[in-house]
1. Hey, among HIS125, HIS103, HIS86, which residue is surrounded by fewer than 21 Cβ atoms within 10 Å (Cβ to Cβ) and either touching a strand residue (DSSP E or B) at 6+ places or on another chain (Cβ under 9 Å) or not acidic (Asp, Glu) (or both)?
2. Is there any pair with a first residue in the range 149-177 that is without any contact (Cβ under 8 Å) to a residue 60 or more places away in the chain and a second that is hydrophobic (A, V, I, L, M, F, W, C) whose Cβ atoms are under 7 Å apart and which are 6 or more apart or on different chains, and what are they?
3. Taking the stated definitions as given, is ILE37 closer than 13 Å to GLY152 by Cβ, part of a helix (DSSP H, G or I), touching a residue at least 60 places away in the same chain (Cβ under 8 Å) and over 14 Å from the mean Cα position of the chain (by Cα)?
4. Hey, among the residues in the range 40-73 that are without any contact (Cβ under 8 Å) to a residue 12 or more places away in the chain and over 17 Å from the mean Cα position of the chain (by Cα), which one's surrounded by the fewest Cβ atoms within 10 Å (Cβ to Cβ)?
5. Quick one: how many residues across the range 131-177 are outside any helix (DSSP H, G or I) and polar (S, T, N, Q)?
6. For a quick check of your reading of the model, give me the residue pairs whose first member lies in the range 106-135 and is under 16 Å from VAL83 (Cβ atoms), whose second is among the β-branched types (Val, Ile, Thr) and surrounded by fewer than 22 Cβ atoms within 10 Å (Cβ to Cβ), with beta-carbon atoms closer than 7 Å and at least 6 apart or on different chains.
7. Please tell me if LEU119 is under 20 Å from LEU61 (Cβ atoms) and outside any loop (DSSP other than H, G, I, E, B).
8. Working only within the range 89-100, note down all residues that are crowded, with 22+ Cβ neighbours inside 10 Å and either touching a strand residue (DSSP E or B) at 6+ places or on another chain (Cβ under 6 Å) or β-branched (Val, Ile, Thr) (or both).
Amino acid sequence: MTKPAADPGPVETTANRWASKAPARPNTSVIIRATAITVVMLLLLVAIGEVTRSVLFTAPLAATAMLLVAMHATPPAQPRNVVLGHLVSVVIGLLMVAAFGHHLWVAAVAAGLAVGGMLALRAAHAPAAATAAVVVVQVIAPLTAVLVFLIGSVLLIAVGWVVGKLIPALRYPTYWW
């Protein structure tokens with residue numbers, strides 16, 4: 001005896017098939033607040049860099065700022081992930097430069113190896129993969145590279161912590177280590 005055919009259920013329409021599964025857009029006040037806080041964080045990096053005549057504003061740290069503000073409760077935004085992620089990536093980038101020089105292919109390999117290093121340390125932080133690439137493609141003294149990403153990370157975390165104290169809805173961090 002054969003089983004009856006399963007009910008195919010409602011017919012999926014083209015509109016349903018293409019409907020976004022992305023989360024709802026945050027309300028306007030959340031978008032404005034996140035934007036303003038991120039701008040302040042990044043301007044702080046620029047200002048401190050200007051005063052100290054160094055570069056603290058980098059693309060990877062801009063991406064870190066976004067995570068700390070817009071995704072503050074996620075593991076990649078936590079201080080452990082931010083600091084270890086950037087530091088392991090700087091070290092990998094510097095080792096790759098020492099071994100192979102400043103080339104785009106070296107930057108690509110360094111970024112990939114940084115992912116492995118972060119995962120091994122349980123400190124995944126996506127912007128830090130770019131840190132490894134930046135360290136390879138830019139000619140920067142090793143100590144300067146370490147200090148830029150260490151100081152930049154700590155400053156962003158400090159601002160995130162202060163914001164979390166001032167705005168309870170943005171409690172940050174969820175954990176330190």
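Every read-out reported here was derived from the displayed coordinates using simple, explicitly stated rules and does not represent laboratory data. Treat the numbers as computed from the prediction; the structure is a model and nothing was measured. Cβ: placed from backbone, ideal geometry, glycine included. Neighbour counts: every protein chain shown.
1. HIS103
2. Every condition considered, no pair remains.
3. When the stated conditions are applied, ILE37 does not pass them.
4. Applying the filter and picking the extreme gives ARG53.
5. Here the count works out to 2.
6. The qualifying pairs are ALA129/VAL115.
7. Criteria not met by LEU119.
8. Selection gives VAL90, ILE92, VAL97.
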